[in-house]
Amino acid sequence: MAFWLIKSEPLAYSWSEMIKDRRAPWDGVRNYQASNNMRSMKCGDYAFFYHSNKGMEIVGIVKVVKEYYPDHTDTSGRFGMVDFQKVKSVKNPVSLKSIKANPALSNIALVRQSRLSVMPIRDREWEIILEMADTQL
DNA sequence: GCCAACGTTGGC
DNA sequence: GCCAACGTTGGC
C-alpha cells in the first residue's frame with residue numbers, strides 16, 4: 001500500500017465539502033507529474049487532504065476507491081483522475097509550519113516542491129505526520 | 001498583494 | 001530544440 005498527499009484550496013473544494021460528499025472524483029488536475037502520481041494510485045491507498053492557500057494544514061485522510069481514468073473535464077484528453085473517499089478528519093490538523101519545523105520531514109515534497117498538488121508520501125513520513133496529528137488510521 | 005518557482009506556449 | 005514571454009500555484 002502507498003501513501004499520498006493531495007492539495008485543495010478550501011475556496012475551490014474544502015474538507016467540509018469532502019465530508020459532505022463522502023466521495024469525490026479528483027478532476028481538474030492539469031499537471032503531468034501530479035497526474036502521473038494519480039496514475040500510480042491503487043484502490044485502498046491512503047492520502048492526506050491538505051488545505052492550500054487558506055489554512056495550509058493537513059485536515060483529513062481519504063482513500064482511493066477508483067483507480068486512474070480519463071478526466072472528462074479535460075478536453076485535450078491528456079489528463080486523468082481517481083476517486084477518493086473520505087476516511088476521517090485528523091484530530092489535530094498538521095500545519096505546513098510544523099511540517100517545515102520537523103527535520104525528519106525536510107525531504108517531503110510538500111516542502112521541496114511547493115507547487116505540486118498530488119505527491120507521494122514515504123511510509124516513515126506518513127507515520128510521523130499521523131503522530132503529529134494525534135490520529136490513527 | 002507580491003513574488004518565487006515552475007510549467008506551457010509559440011516564434012524562430 | 002532553444003528560449004522569451006506568459007500564466008499559474010501557493011507561500012509569505
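The number of residues in segment A:43-56 being among the charged types (D, E, K, R) and either buried (at least 20 other Cβ atoms within 10 Å of the Cβ) or under 19 Å from A:Val82 (Cα atoms) (or both) comes to 1.
Each row is one residue, and each column tells you yes or no for (1) more than 15 Å from DNA strand C (Cβ to nearest atom); (2) hydroxyl-bearing (Ser, Thr, Tyr); (3) closer than 20 Å to A:Arg124 by Cβ; (4) in contact (Cβ under 8 Å) with a residue 24 or more places away in the chain.
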position: A:Lys54; (1), (2), (3), (4): no, no, no, yes
position: A:Lys63; (1), (2), (3), (4): yes, no, yes, yes
position: A:Glu67; (1), (2), (3), (4): yes, no, no, yes
position: A:Pro70; (1), (2), (3), (4): yes, no, no, no
position: A:Met81; (1), (2), (3), (4): no, no, no, yes
position: A:Val94; (1), (2), (3), (4): no, no, yes, yes
position: A:Ser98; (1), (2), (3), (4): no, yes, yes, yes
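Residues that are among the hydrophobic types (A, V, I, L, M, F, W, C) and either away from DNA strand C (no atom under 14 Å from the Cβ) or assigned to a loop (DSSP other than H, G, I, E, B) (or both) within segment A:7-37 comprise A:Leu11, A:Ala12, A:Trp15, A:Met18, A:Ile19, A:Ala24, A:Trp26, A:Val29, listed in sequence order. Looking at segment A:2-23, can you tell me whether even one residue there is within 16 Å of DNA strand B (Cβ to nearest atom), β-branched (Val, Ile, Thr), in contact (Cβ under 8 Å) with a residue 60 or more places away in the chain and over 19 Å from A:Val111 (Cβ atoms)? Within segment A:2-23, none of the residues are within 16 Å of DNA strand B (Cβ to nearest atom), β-branched (Val, Ile, Thr), in contact (Cβ under 8 Å) with a residue 60 or more places away in the chain and over 19 Å from A:Val111 (Cβ atoms).
Of the numbered criteria (1) under 25 Å from A:Lys97 (Cβ atoms); (2) free of Cβ contacts under 8 Å to residues at least 40 places away in the same chain, the one A:Cys43 fails is (1). Consider A:Leu137 carefully, then state whether it is part of a loop (DSSP other than H, G, I, E, B) and not basic (Lys, Arg). Yes, satisfied.
Got at least one residue in segment A:21-30 being farther than 21 Å from A:Val94 by Cβ, among the acidic types (Asp, Glu) and surrounded by fewer than 14 Cβ atoms within 10 Å (Cβ to Cβ)? Yes, there is a match, as at least one residue in segment A:21-30 is farther than 21 Å from A:Val94 by Cβ, among the acidic types (Asp, Glu) and surrounded by fewer than 14 Cβ atoms within 10 Å (Cβ to Cβ).
What residue, among those in segment A:103-123 that are touching a helix residue (DSSP H, G or I) at 6+ places or on another chain (Cβ under 7 Å) and buried (at least 20 other Cβ atoms within 10 Å of the Cβ), is farthest from A:Phe49 (Cα to Cα)? Ranking the qualifying residues of segment A:103-123, first place goes to A:Leu105. The single condition among (1) modelled with pLDDT of 95 or more; (2) hydrophobic (A, V, I, L, M, F, W, C); (3) over 16 Å from A:Val82 (Cβ atoms) that A:Ala2 does not satisfy is (3). Scanning segment A:76-102 for residues that are surrounded by fewer than 19 Cβ atoms within 10 Å (Cβ to Cβ) and over 21 Å from A:Lys66 (Cα atoms) yields A:Ser76, A:Lys91, A:Asn92, A:Ser95, A:Leu96, A:Lys97, A:Ser98, A:Lys100, A:Ala101, A:Asn102. Only residues that are in a strand (DSSP E or B) and over 19 Å from A:Ala109 (Cβ atoms) were counted across segment A:38-67, and they come to 4.
The values are calculated or read from the model by the stated rules, or taken from the named source; none is laboratory data. Because the structure is a prediction, the values reported are computed rather than measured. Reconstructed Cβ throughout: ideal geometry from the backbone, glycine too, with neighbour counts over all protein chains shown.
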